[in-house]
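Okay, so here's the structure we're looking at.
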Amino acid sequence: IINNDYDSFLTLSQEAVSLEKELDVIKVPIQSSNSALKTYLEVLGNYQSRIETKVKALRNLLLKEQAVKSMIGIESKLKRTESFVNKMKMEDEARKLTFDF
């Protein structure tokens, strides 16, 4: 019985050592992949930050462009209003001249 137990213990020990070696074969690539993944995520985070900065800058440019377009529109309306007012003044002056005779 003792020999059988010892033989079983030796067999189990050898299998444990073999399994540990197999686990190392699996564990090393996983650790390497994990390290590469961490690096990739850091790089991705940097890209995300840069993209967010560029999006903010583009939004600011868009707001400025919209403000300029709005000002151009207001200026155009102001010129039309001034033209209308000048036309009305000229017509009023023409009427005054007509009634002066």
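The values are calculated or read from the model by the stated rules, or taken from the named source; none is laboratory data. Keep in mind that what you see is a predicted model, and the values were worked out from it rather than measured. All Cβ positions, even for glycine, are placed from backbone atoms using ideal geometry, and neighbour counts span all protein chains on display. Heads up: the accessible areas ignore ligands, DNA and RNA and are worked out on the full protein's heavy atoms, side chains in. Shrake-Rupley method; radii C 1.70, N 1.55, O 1.52, S 1.80 Å.
Select, from S8, S33, the only residue that is surrounded by 10 or more Cβ atoms within 10 Å (Cβ to Cβ) and at pLDDT 90 or above. Before you say what the answer is, go through the steps one by one.
Numbers: S8 fails: at pLDDT 90 or above.
So the residue among S8, S33 that is surrounded by 10 or more Cβ atoms within 10 Å (Cβ to Cβ) and at pLDDT 90 or above is S33.
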Residue check: is V55 at pLDDT 95 or above and open to solvent by less than 100 Å² (accessible area, probe 1.4 Å)?
-> yes
By residue number, the members of region 58-101 that are open to solvent by 100 Å² or more (accessible area, probe 1.4 Å), more than 40 Å from the chain's Cα centre (by Cα) and not acidic (D, E) are K79, R80, F84, K87, K89, M90, R95, K96, L97, F99, F101
